[in-house]
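Report on one structure; see the data block that follows.
The values are calculated or read from the model by the stated rules, or taken from the named source; none is laboratory data. Please read all numbers here as calculations on a predicted model, not as lab measurements. Methodologically, a virtual Cβ is constructed for each residue, glycine included, from the backbone with ideal geometry; neighbour enumeration extends over all protein chains shown.
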2 protein chains.
Amino acid sequence: MTTAQETERAADSALSNPSAVGLVAVIVAATDGEPRALTVQVGGQARGRSDGLPAGPLVPEHPTLERGLRAWVERQTHQRLGYVEQLYTFGDRDRQGDDGGGLHSLSVAYLALVRELRPAGLAEAAWRNWYHYLPWEDWRAGRPDSLGEIEAKLLAWAEGTGDPKQRRRREDRLGLTFGLCGGAWNEERVLERYELLFEAGLIPEAQGQSGEARDADLTVTGQPMALDHRRVLATAIGRLRGKIKYRPVVFELMPPTFTLFQLQRTVEALSGTNLHKQNFRRLVAQQGLVEETDGVTSGATGRPARLVRFRREVLLERPAPGFRLRPARRPT
Amino acid sequence: MTTAQETERAADSALSNPSAVGLVAVIVAATDGEPRALTVQVGGQARGRSDGLPAGPLVPEHPTLERGLRAWVERQTHQRLGYVEQLYTFGDRDRQGDDGGGLHSLSVAYLALVRELRPAGLAEAAWRNWYHYLPWEDWRAGRPDSLGEIEAKLLAWAEGTGDPKQRRRREDRLGLTFGLCGGAWNEERVLERYELLFEAGLIPEAQGQSGEARDADLTVTGQPMALDHRRVLATAIGRLRGKIKYRPVVFELMPPTFTLFQLQRTVEALSGTNLHKQNFRRLVAQQGLVEETDGVTSGATGRPARLVRFRREVLLERPAPGFRLRPARRPT
DNA sequence: GGCACAATGCTCAGTTTGAGCATAAGTGAG
DNA sequence: CTCACTTATGCTCAAACTGAGCATTGTGCC
């Protein structure tokens, strides 16, 4: 190492305060057309435990953050991680539970996609449908009923400001994120929606009562999670919904061979919208994302479907292979 | 705070090791049709100093990481930050200068866009054209000459493996990132290209000689930077190139009013490619990204151009306003 | 065989793109 | 004052892409 570097590193270190740093992982699978995240039970015995995401320490033995995460998750959950990407680094005060100490606490969050859905390794771990935590994000069966109540509360929150300027701004945000006031629903704005609900006081975690939730809320504002883990989950979903449009990451969730309709169901599960079947197939075919095998499905009702597999070569051919998601008006 | 939460937090902290955490900022401006990043001089007197990005400690006084960054940058550089987004968190071993200690060192990197280009505040700070550090990324004047030499070296590196399987994989990566072997150039893969060059040993920083570089290299593999700052810069450029396609972030770099051609030049500067002028205007008009003012340019040669301003309302209207960049074959 | 059901094939009008031609409105030289 | 030159802006046109829906093909079941 050169002298210049040593000096630089010293200066760098001198400037930094030590902080507590942890990892959080959103481990995603999709089976039976449902998007699932791996959750664990966290919290003590008092006031009940609550769902959380797998989280742990930064393991210094590993050469890179990502490799450390892989090793840690694979050991803990016996899941083989396919695709891994860094999501976001959450700071202490962004999170709740600000204890006022001078020590910052960071969480480096990762998104991981796994192909198979094993019984979830850890005793306390479980695969949960992610819309359990964010029910308003699932538009596959049409606009969720719960959105009516949510919107009413959000509008009340927007009205509840004295300052007309701030009120205007709040209404704009509602339009932008929830499609109120003439805006359109954009399935990628998962995090923005969550944060708006948080600000509007509709998220129990905001009041520091993470373990608690009246049953009524569960279907409207969803199941709470420990700490800021729902925010992390929202970040993951938003990122994934964006990514499938220009990268073939969905295939990380599929078995080796699958039918085009299963693929469509998975994409729909992630994006929370329905797609036009024929056009979806056309898109997949045009992009050359899959190649046929000689297998077909059997047993189910209806005409058997051809089994296909991911065509790895697209990675080398197309600049941005993925699915542009145009939601279908009609159910199918 | 509930008991459950306290327990959770305690568990969380117990799991975490203290680490040294710092911030790094890529502060971007665009003036005269050139993309610029704010750089500082780092390093001691021996072996010369080298360019680096503004970096500093995590400041615990601030409620969120982003706000802390804003305050810190604005105090240091007297730049008013417009758009700010978190880029990536770089771990110690990803970086160079692994000192083997058990203490992890993280850098949380941010991307910031600033509108005006002041004389750069700090004495040691300077605005530098970012292609100075990554010259192969600038295709505005056609394919950079230096790419010839780079490709030759990369191919040699790929050939240089005994294992034919690994060699195949390396060639695939070359095709994917540099458009060799029949691939196409994708302007977003800035980081992947940098990392490939790094692995291939074409980046002086890799050998821990950051301050050193033969003059010949400067035009071929670019000016080195301290530590892993070039990697951070590459991450920023890649992110920005992606973002302008679906978010109107370019306007954060523009003065209050500007001409369509200035806008085009800025987009071209960021993306490193040329665009078809008439189609660019059509796109901007269709998307309703700007509105006319009644000003026009004067003094310059040629027909005066109408001055326009950013139409903030698009943020509320369009789902993903931005520029889809279709490079023009011909210069204009 | 006939029916229900899902898979797959195909059409068609309306947009969006890529590329280029044509015209307008200034400046500076002669 | 006019011409040459330069940049801005308007407009066209074929090709490709989209959104939507109709039609046909295989299977299991009665």
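Points worth noting:
- Scanning the range B:280-298 for residues that are exposed (fewer than 12 other Cβ atoms within 10 Å of the Cβ) and within 24 Å of residue B:141 (Cβ to Cβ) turns up nothing.
- Whether a residue is among the acidic types (Asp, Glu), more than 15 Å from DNA strand C (Cβ to nearest atom) and either touching a Lys or Arg at 6+ places or on another chain (Cβ under 8 Å) or outside the structural domain of residue B:83 (by TED's automatic domain parsing) (or both) was assessed, and residue B:291 passes this test.
- Scanning the range A:299-310 for residues that are assigned to a loop (DSSP other than H, G, I, E, B) and within 11 Å of DNA strand C (Cβ to nearest atom), we see that the one that is surrounded by the most Cβ atoms within 10 Å (Cβ to Cβ) is A:305.
- Residue count, the range B:143-162 (criterion: in contact (Cβ under 8 Å) with a residue 60 or more places away in the chain and surrounded by fewer than 18 Cβ atoms within 10 Å (Cβ to Cβ)): 2
- Of the set (1) at the interface with chain A (Cβ under 9 Å from one of its Cβ atoms); (2) at pLDDT 85 or above, all apply to residue B:69 but (1).
- Condition check for residue A:120 on (1) more than 14 Å from chain B (Cβ to nearest Cβ); (2) at pLDDT 95 or above; (3) crowded, with 19+ Cβ neighbours inside 10 Å: one failure, at (2).
- Filter result for residue B:313 (free of Cβ contacts under 8 Å to residues at least 40 places away in the same chain and away from DNA strand C (no atom under 13 Å from the Cβ)): yes
- Residues in the range B:271-287 that are of a type outside the set (A, V, I, L, M) and farther than 16 Å from residue B:242 by Cα: B:276, B:277, B:278, B:279, B:280, B:281, B:282, B:286, B:287.
- Restricting attention to the range B:93-117, the residues that are outside any strand (DSSP E or B) and modelled with pLDDT of 65 or more total 4.
- Inter-residue pairs, beta-carbon under 8 Å, first within 14 Å of another protein chain (Cβ to nearest Cβ) and among the hydroxyl-bearing types (Ser, Thr, Tyr) and in the range A:268-281, second in a helix (DSSP H, G or I) and away from DNA strand C (no atom under 12 Å from the Cβ), 6+ apart: A:271/A:241
- Taken across the range B:315-325, residues that are at pLDDT 90 or above and either of a type in the set (S, T, N, Q) or not in a loop (DSSP other than H, G, I, E, B) (or both) do not occur at all.
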